[in-house]
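A short worksheet on the structure shown next.
The values are calculated or read from the model by the stated rules, or taken from the named source; none is laboratory data. This structure is a prediction, so every number in the text was calculated from the model and none was measured. All Cβ positions, glycine included, derive from the backbone under ideal geometry; neighbour counts span all protein chains shown. Heads up: the accessible areas ignore ligands, DNA and RNA and are worked out on the full protein's heavy atoms, side chains in. Shrake-Rupley method; radii C 1.70, N 1.55, O 1.52, S 1.80 Å.
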There are 2 protein chains.
Amino acid sequence: MSGQITFTGGAEGGWRITGMSAVAGASLAMAERLGIETAQVERADERTRWTLRGISSNMRYATRAELDSLARIQPPLGRSDCTCAALIPIRKSAAWWNLAQDERRAIFEEDSRHNAIGMRHLPGIARRLLHSRDLSEPFDFLTWFEFGPEAKGSFDGLLAELRATREWTFVEREIDIRLERPGAA
Amino acid sequence: MSGQITFTGGAEGGWRITGMSAVAGASLAMAERLGIETAQVERADERTRWTLRGISSNMRYATRAELDSLARIQPPLGRSDCTCAALIPIRKSAAWWNLAQDERRAIFEEDSRHNAIGMRHLPGIARRLLHSRDLSEPFDFLTWFEFGPEAKGSFDGLLAELRATREWTFVEREIDIRLERPGAA
């Protein structure tokens with residue numbers, strides 16, 4: 001999952017959608033399956049309800065020390081026992097984007113401990129952040145998570161901690177999409 | 001010049017190209033005119049030699065103190081006496097993008113004084129930075145400058161200072177395109 005990725009919500013795709021909820025702002029249309037395309041989707045199938053595009057990009061806040069810590073323990077995507085996934089599209093407010101870099105960094109980590117919170121849930125939960133804001137998409141970020149059934153509680157805890165931070169007061173739209181691999185126990 | 005912008009090099013457009021030089025890496029095809037489109041160009045004219053897309057985005061390095069200083073003296077685009085312009089597409093190396101945020105910031109400002117150098121040339125030179133990297137474009141940034149004929153020397157000095165910095169050792173492709181408004185003295 002690198003370069004530009006398009007997620008399609010519809011009747012086709014390798015992941016079964018088990019739940020969708022709007023945490024903030026408007027929801028997306030309900031769909032049964034999620035597809036993940038690595039090339040740009042030229043024309044969506046007529047049963048496609050929505051498409052969301054994002055791209056792997058450089059890190060925006062993490063320091064060298066944080067990146068090195070992360071590199072030591074972050075797991076890869078695609079582990080065979082990770083039959084659960086979540087896709088969480090998020091849009092932050094204009095107030096967030098109008099902040100200077102030092103102000104955003106201070107809220108992100110020194111205040112909200114975003115990286116530190118995430119680190120406590122590794123290596124059980126694998127994660128990939130895709131950027132959408134510069135693509136003129138409806139969301140700023142698409143974060144993809146993979147984990148085993150035993151880590152569902154840890155994952156819910158991770159989200160609850162992040163959503164209680166000051167950083168999250170700048171989140172104006174967030175959808176929580178849960179998924180399972182078809183055929184998984 | 002906000003949102004997504006497409007620059008077209010070809011036979012049409014509101015600016016006359018007076019010079020094009022490759023400072024680093026491969027050049028672009030020579031063209032007579034530069035057009036600036038605010039909507040996505042669906043299909044380029046057959047005489048269009050190249051198109052470059054970028055988008056206004058949030059600041060990536062500037063602190064609040066720097067943004068406030070900049071806001072006090074930065075001029076708007078479109079001043080009637082600014083009959084000269086430059087478009088400078090730049091791509092930085094993978095080594096740059098693999099650096100952590102604190103490492104890039106330290107090279108950008110504490111070492112290379114990018115913002116401080118630019119500030120010394122205000123308000124004579126108006127500037128707009130567009131981001132292209134997340135759009136999968138051949139360049140990472142497109143910077144547009146406008147100034148009066150009397151500021152040409154100042155502009156050349158600005159570029160010479162920036163190109164001598166440590167930050168510029170990460171620039172692997174840079175084209176310097178100079179322009180004038182047709183009919184301007």
Computed from every Cα-Cα pair in region B:1-154, P(r) in 10 Å bins starting at 0 and rounded to whole percents is 9, 36, 38, 16, 1
Carbon and sulfur: what percent of the protein assembly as shown's accessible surface (1.4 Å probe)? 49
Treat each spin label as a single point 7 Å out from the Cα along the C-beta direction, and report the B:Arg47 to A:Ser21 distance in nm. 6.0
Helix A:64-73: inclination vs chain A longest Cα principal axis, degrees, rounded to 10, gives 40
Per GNM of chain A with C-alpha springs under 10 angstrom, the most fluctuating residue out of A:Leu67, A:Leu130, A:Leu158 is A:Leu67
May I ask you to find the residues of region B:47-64 that are shielded by at least 40 Å² of accessible area once the whole protein assembly is considered instead of their isolated chain (probe 1.4 Å)? B:Ile55, B:Asn58, B:Arg60, B:Arg64
Could you tell me which GluC sites (Glu not before Pro) in region A:24-73 are loop residues by DSSP with no more than 12 other beta carbons within 10 angstrom of their beta carbon? A:Glu42, A:Glu46
Within a Cβ distance under 13 Å of A:Pro75, other residues only, what is the Lys/Arg minus Asp/Glu net charge? +2
In terms of modelled amide H atoms, which long-range or inter-chain residues lie less than 5 Å from the amide H of B:Ala62? A:Gln101
Mind grabbing the interface size between A and B? I mean buried accessible area, both sides, 1.4 Å probe, in Å² to the nearest hundred. 1900
Which distances, in nm and shortest first, link the A:Glu180 label point to the same label point in every other copy, taking 7 Å along Cα→Cβ? 7.1
Chain B: angle of helix B:152-163 to the longest principal axis, Cα-based, in degrees nearest 10: 50
For the rotation taking A to B, I'd like to know which residue in chain A has the C-beta closest to the axis, plus that distance in Å. A:Asp134, 2
Which value, in Å², gives the accessible area per residue of chain B when a 1.4 Å probe is used on the protein heavy atoms? 46
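Pairs of Cα atoms under 8 Å, at least six residues apart: use those to get the relative contact order of chain B, whole percent. Walk me through the numbers on the way to the answer.
Working: 340 pairs, mean separation 61.9, N = 185.
It rounds to 33 percent for chain B.
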Quote the accessible area belonging to B:Thr169 in square angstrom, nearest 10, computed with a 1.4 Å probe and with ligands, DNA and RNA left uncounted. 110
